[in-house]
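The values are calculated or read from the model by the stated rules, or taken from the named source; none is laboratory data. Note that this is a predicted model, so its numbers are computed, not measured. Here the Cβ positions follow ideal geometry from the backbone for every residue, glycine too, while neighbour counts run over all protein chains shown.
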Amino acid sequence: MRPEFTSPSSSSSSSADRRLNALVRHLATPSMVSQTAVAFSPTSGFHGDSVFSHVVRAPEDPILGVTVAYNKDPSPVKLNLGVGAYRTEEGKPLVLNVVRKAEQMLLNDKSRVKEYLPIVGIAEFNKLSAQLIFGADSPAIRENRVTTVQCLSGTGSLRVGAEFLARHYHQKTIYIPQPTWGNHPKVFTLAGLSVKTYRYYDPTTRGLNFQGLLEDLGSAPSGSIVLLHACAHNPTGVDPTLQQWEQIRQLMRSKALLPFFDSAYQGFASGNLDEDAQSIRMFVTDGGECFVAQSYAKNMGLYGERVGALSVVCTAADVASKVESQLKLVIRPMFSNPPIHGASIVATILKDSNMFNEWTIELKAMADRIISMRKQLFDALRARGTPGDWSHIIKQIGMFTFTGLNSKQVEFMTREYHIYMTSDGRISMAGLSSKTVPHLADAIHAAVTRMT
Amino acid sequence: MAIRRAMSGRIMDRTAVVGARYMSSWWRSVQPAPKDPILGVTEAFLADQSPDKVNVGVGAYRDDNGKPVVLECVREAERRIAGNLNMEYLPMGGSVKMVEETLKLAYGENSELIKEKRIAAVQALSGTGACRLFADFQKRFCPDSQIYIPVPTWANHHNIWRDAQVPQKTYHYYHPESKGLDFAAMIDDIKNAPNGSFFLLHACAHNPTGVDPSEEQWREISHHIKAKGHFAFFDMAYQGFASGDPEKDAKAIRIFLEDGHHIGIAQSYAKNMGLYSQRVGCLSVLCEDEKQAVAVKSQLQQLARPMYSNPPVHGALIVSTILSDPDLKKQWLKEVKVMADRIIGMRTALRGNLEKLGSPLSWQHITNQIGMFCYSGLTPEQVDRLTNEFHIYMTRNGRISMAGVTTGNVEYLANAIHEVTK
């Protein structure tokens with residue numbers, strides 16, 4: 001972390017600094033800056049005022065800021081349950097064996113070059129990604145009604161899709177669940193959509209507020225866009241059942257609400273890729289249209305490589321083709337064409353049946369370890385007689401548990417037990433191990449019994 | 001429970017029925033977008049079956065066999081990286097190491113500005129991403145500002161600032177009659193622009209014309225931009241590629257820094273490290289002091305987060321591996337010079353061939369211009385003839401990517417150009 005900048009009045013700053021700061025204080029707006037510009041001599045080296053003097057420091061990202069704070073803590077028992085990145089039993093990041101294998105294959109292939117990809121990315125990657133999420137036998141794929149473009153992980157896919165909607169769709173409002181991933185609102189707002197919410201999480205049951213969800217979607221204007229977490233809802237881990245998904249689908253189709261799925265955890269929720277795609281496939285089987293943002297950050301452990309795909313399912317092939325051409329116009333002025341490395345790894349794995357199988361086994365192992373952590377934490381709290389019903393820990397799905405702890409309790413846990421998590425009470429189960437579960441259980445027990 | 005149904009004819013059409021194929025699409029009225037003028041050229045080239053076909057369209061380097069090149073230093077860096085890597089998220093601002101090394105290239109190895117921490121800098125998605133981040137930042141923090149863009153420029157510049165919703169104006173740059181710089185008109189435009197306007201400048205090897213101001217001209221440009229309190233934003237996509245010497249190619253930027261401008265720079269490793277598809281670049285903004293730089297960087301990150309969260313790690317690792325190892329860095333500098341020299345050689349050869357054919361026109365601009373591109377002066381009609389009759393592919397503005405010219409095709413290319421211009 002950078003040291004705090006010394007104030008202008010401190011004796012350690014130079015006279016140039018003080019002169020600069022005095023100037024800045026006099027200037028109210030950038031236009032005033034330009035009016036005070038003086039014809040300097042070409043070699044004066046005087047540091048004129050910046051047109052960005054008025055820019056203030058942005059607050060730390062709440063999620064990523066947790067890791068920053070964790071890194072600063074010298075305690076040997078500290079635990080990082082902030083960012084949703086998988087960790088092994090030893091608390092280490094994991095690169096899947098099959099990913100290493102794929103990387104080596106790419107490295108050894110001397111015929112590979114680094115030429116620009118097409119704007120929409122690697123064709124094979126796009127095709128395989130669509131098959132992965134919609135099913136290889138999906139009618140939408142068979143009928144060429146899907147356009148898939150490679151994007152920068154889930155975030156990038158959401159942003160490109162949202163920009164397209166803001167330009168071409170008649171409804172500019174997207175409904176997002178309450179709560180949702182912290183970055184969702186900004187992605188949609190910057191893309192030009194306005195954001196509303198629908199009820200989702202019920203704090204009293206720590207489950208789904210299904211009644212509220214149906215009411216809110218039911219009263220949304222016809223044609224509104226609705227963001228749906230395909231599985232393993234972030235941050236709550238609360239997913240609708242299949243029956244509930246069917247009701248949601250019927251409601252949405254009856255109101256012509258446009259589904260925009262965020263699929264960041266396929267395979268991570270249940271351990272089974274097809275099962276975790278059920279919600280999306282329902283919305284494709286009924287012949288309707290939808291958007292899907294896919295991420296390989298978690299399920300292939302490719303976090304920093306930024307691999308993802310945006311798919312748009314249309315009712316006709318020629319429409320899908322036109323949509324693709326317009327998606328290209330969104331992408332070109334944003335990043336021109338996507339990065340090659342991560343998507344090449346994914347394509348290598350998905351197209352080889354042996355590697356694909358290896359992947360599903362490693363993926364299931366990650367999902368199983370998380371499920372096991374849930375069970376261990378639940379048992380540990382029960383063993384301590386911690387007051388309250390903690391069954392939501394084993395009922396919730398995916399990487400996160402919405403503990404139900406309030407921000408005061410979270411603060412207490414950080415202060416006294418060096419547990420780092422977001423203030424909404426969300427913990428990343430991936431950050432736990434058999435060794436650290438007891439410490440977390442102690443912390444929760446203390447927080448619940450000593451702080452309310 | 002009761003579910004309200006909206007009563008409208010359109011909604012009735014879309015009542016949910018399994019297999020409702022009669023549903024009309026929401027996207028039926030979406031128009032097919034026009035093909036990208038630059039990238040569309042390569043698509044057409046690939047589709048052409050002729051054995052004589054020549055691609056002088058996209059600005060991607062080719063060796064003398066017309067093959068794409070992966071630099072040796074890059075291959076070595078990749079070998080070192082593979083297997084060592086965990087693939088954790090980079091910070092929103094990208095690889096700190098990569099950014100540090102990248103700033104040295106632009107601002108100078110021993111730059112005081114770097115030591116004083118006055119530069120707000122983030123890893124970006126190559127040059128495009130750096131320009132776009134800056135345009136978004138400009139829109140957010142100087143909402144009343146506009147950007148002045150040279151005529152001509154890389155086509156995507158217009159798209160970028162348009163999508164960022166920053167109003168655009170143009171300034172004179174290319175002088176068709178001399179196939180050089182329209183310096184007087186450019187200075188006039190700088191003087192006539194409202195105080196505090198933003199100017200987009202190509203740091204070296206102007207794309208598409210290859211026409212760069214001389215050092216003296218840069219000094220005058222700097223003087224007038226300063227007099228008007230304009231903001232200078234440099235797009236530097238070809239450092240090292242223009243003259244073969246990265247320090248020399250950064251001269252314009254260094255002049256502006258000496259003169260005290262608070263510039264912004266978009267840097268790309270697509271061409272000079274051959275990392276095209278890795279999408280590695282850097283956006284930097286020079287600030288008054290460290291505190292400002294911290295603030296500006298944090299705001300750039302706020303714009304990156306809802307666009308892609310954090311930038312890709314692989315390409316950044318390649319860059320930082322090369323630049324932080326003195327031997328690899330030396331090797332890189334050698335390889336960049338080889339690329340630049342080959343292009344300079346092809347300029348000489350193309351001009352020589354045209355003159356040998358007895359062309360009535362002057363072709364000295366081919367060797368006057370610098371960098372990857374030559375603005376040939378060919379009309380769109382002449383370009384179409386080159387494509388249709390000779391299977392030569394280039395953008396319709398007459399821009400020739402010299403990187404696509406080889407000892408194997410330079411004669412054929414010269415002949416064809418002579419045919420359509422004699």
Which condition number does B:PHE241 fail, the rest of (1) at pLDDT 95 or above; (2) under 21 Å from B:THR367 (Cα atoms) being met? (1)
Can you go through A:VAL77, A:VAL68, A:VAL95, A:VAL99 and tell me which one is at pLDDT below 90 and of a type in the set (Val, Ile, Thr)? A:VAL68
Among the residues of segment B:380-394, is there at least one that is out of contact with any helix residue (DSSP H, G or I) (no Cβ under 7 Å at 6 or more places or on another chain), touching a residue at least 60 places away in the same chain (Cβ under 8 Å) and either surrounded by fewer than 17 Cβ atoms within 10 Å (Cβ to Cβ) or of a type in the set (Lys, Arg) (or both)? no
Among A:VAL149, A:VAL187, which is the only one that is at pLDDT 95 or above, part of a strand (DSSP E or B) and either within 22 Å of B:LEU125 (Cβ to Cβ) or not assigned by the TED database to the domain that holds A:CYS290 (or both)? A:VAL149
Among the residues in segment B:176-194, are any more than 21 Å from the chain's Cα centre (by Cα), within 14 Å of chain A (Cβ to nearest Cβ), buried (at least 18 other Cβ atoms within 10 Å of the Cβ) and closer than 16 Å to B:PHE233 by Cβ? yes
Going through segment A:135-157 one residue at a time, which ones are in contact (Cβ under 8 Å) with a residue 12 or more places away in the chain and either of a type in the set (Ser, Thr, Tyr) or closer than 19 Å to A:ASN299 by Cβ (or both)? A:GLY135, A:SER138, A:THR147, A:THR148, A:GLN150, A:CYS151, A:LEU152, A:SER153, A:GLY154, A:THR155, A:GLY156, A:SER157
Any residue in segment B:139-167 that's more than 11 Å from chain A (Cβ to nearest Cβ) and on the phi < 0 side of the Ramachandran plot: show its pairings with residues that are of a type in the set (Phe, Trp, Tyr) and in a loop (DSSP other than H, G, I, E, B) at Cβ separation under 6 Å, as long as the two are six or more apart or on different chains. B:PRO150/B:TYR173; B:VAL151/B:TYR173
Lone qualifier among A:ARG384, A:ARG374 - being of a type outside the set (A, V, I, L, M) and surrounded by fewer than 17 Cβ atoms within 10 Å (Cβ to Cβ): A:ARG384
Being touching a helix residue (DSSP H, G or I) at 6+ places or on another chain (Cβ under 7 Å) and within 7 Å of chain B (Cβ to nearest Cβ) is the filter here, so list the residues in segment A:99-110 that pass it. A:GLU103, A:LEU107
Just wondering, is there one or more residues in segment A:296-310 that are within 14 Å of chain B (Cβ to nearest Cβ), surrounded by 24 or more Cβ atoms within 10 Å (Cβ to Cβ), acidic (Asp, Glu) and not in a loop (DSSP other than H, G, I, E, B)? yes
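Name the one entry in A:THR147, A:THR155 that is over 18 Å from the mean Cα position of the chain (by Cα), within 23 Å of A:GLY342 (Cβ to Cβ) and within 13 Å of another protein chain (Cβ to nearest Cβ).
Step by step, each of A:THR147, A:THR155 is checked, and only A:THR147 is over 18 Å from the mean Cα position of the chain (by Cα), within 23 Å of A:GLY342 (Cβ to Cβ) and within 13 Å of another protein chain (Cβ to nearest Cβ).
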Pairs please, first residue from segment A:216-235 and within 12 Å of another protein chain (Cβ to nearest Cβ), second anywhere and part of a helix (DSSP H, G or I), Cβ atoms under 7 Å, 6+ apart in sequence or on different chains. A:LEU217/A:LEU251; A:LEU217/A:MET252; A:GLY218/A:LEU251; A:SER222/B:ILE11; A:ILE225/A:LEU165
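Evaluate the following for A:ASP276: is it surrounded by fewer than 24 Cβ atoms within 10 Å (Cβ to Cβ) and either touching a helix residue (DSSP H, G or I) at 6+ places or on another chain (Cβ under 8 Å) or among the charged types (D, E, K, R) (or both)? Spell out how you get there, then give the answer.
On the way: surrounded by fewer than 24 Cβ atoms within 10 Å (Cβ to Cβ): no; either touching a helix residue (DSSP H, G or I) at 6+ places or on another chain (Cβ under 8 Å) or among the charged types (D, E, K, R) (or both): yes.
When the stated conditions are applied, A:ASP276 does not pass them.
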Evaluation of A:VAL292 against (1) surrounded by 24 or more Cβ atoms within 10 Å (Cβ to Cβ); (2) closer than 27 Å to A:ARG100 by Cα; (3) touching a residue at least 24 places away in the same chain (Cβ under 8 Å) (one fails), failing number: (2)
Under 26 Å from A:LEU208 (Cβ atoms) and either under 22 Å from the mean Cα position of the chain (by Cα) or touching a residue at least 24 places away in the same chain (Cβ under 8 Å) (or both): does that describe A:ILE371? yes
Condition first: within 15 Å of B:LEU181 (Cβ to Cβ) and either part of a loop (DSSP other than H, G, I, E, B) or more than 14 Å from chain A (Cβ to nearest Cβ) (or both). Now tell me which residues in segment B:204-229 satisfy that. B:CYS204, B:ALA205, B:HIS206, B:ASN207, B:PRO208, B:THR209, B:GLY210, B:VAL211, B:ASP212, B:PRO213, B:SER214
Cβ contacts < 6 Å: first residue within 7 Å of chain B (Cβ to nearest Cβ), restricted to segment A:316-344; second residue hydrophobic (A, V, I, L, M, F, W, C) and in a helix (DSSP H, G or I), any location; separation 6+ or different chain. Result? A:PRO333/B:ILE160
Of all residues being of a type in the set (Ser, Thr, Tyr) and within 25 Å of B:GLY244 (Cα to Cα) in segment B:350-379, which is surrounded by the most Cβ atoms within 10 Å (Cβ to Cβ)? Just the residue, please. B:SER376
Only one of these conditions is not met by A:ASN209: (1) surrounded by 19 or more Cβ atoms within 10 Å (Cβ to Cβ); (2) free of Cβ contacts under 8 Å to residues at least 24 places away in the same chain; (3) closer than 27 Å to A:TYR296 by Cα. Which number is it? (3)
Would you mention how many residues in segment B:290-343 are at the interface with another protein chain (Cβ under 9 Å from one of its Cβ atoms), buried (at least 23 other Cβ atoms within 10 Å of the Cβ) and more than 30 Å from A:LEU158 (Cα to Cα)? 1
For A:GLN247, indicate whether it is among the polar types (S, T, N, Q) and more than 14 Å from chain B (Cβ to nearest Cβ). no
How about segment B:88-193: which strands (runs of 3 or more DSSP E) wholly inside it have at least 3 residues that are among the β-branched types (Val, Ile, Thr) and over 30 Å from A:TYR296 (Cβ atoms)? B:147-151
Just for segment A:111-121: of the residues that are more than 7 Å from chain B (Cβ to nearest Cβ) and within 20 Å of B:ASP36 (Cβ to Cβ), which one is surrounded by the fewest Cβ atoms within 10 Å (Cβ to Cβ)? A:PRO118
Of all the residues that make up segment B:33-76, how many are more than 11 Å from chain A (Cβ to nearest Cβ), buried (at least 19 other Cβ atoms within 10 Å of the Cβ) and in contact with an Asp or Glu (Cβ under 8 Å, 6 or more places away or on another chain)? 1
By residue number, the members of segment B:396-420 that are more than 19 Å from B:MET372 (Cα to Cα) and either modelled with pLDDT under 95 or not in a helix (DSSP H, G or I) (or both) are none
Checking A:GLU124 against (1) more than 11 Å from every other protein chain (Cβ to nearest Cβ); (2) at pLDDT below 95, which test does it fail? (2)
Search segment A:390-410 for residues that are over 18 Å from A:THR241 (Cα atoms) and pair each with any residue that is in a helix (DSSP H, G or I) and of a type in the set (Phe, Trp, Tyr) when their beta-carbon atoms are under 8 Å apart and the residues are at least 6 apart or on different chains. A:TRP390/A:PHE378
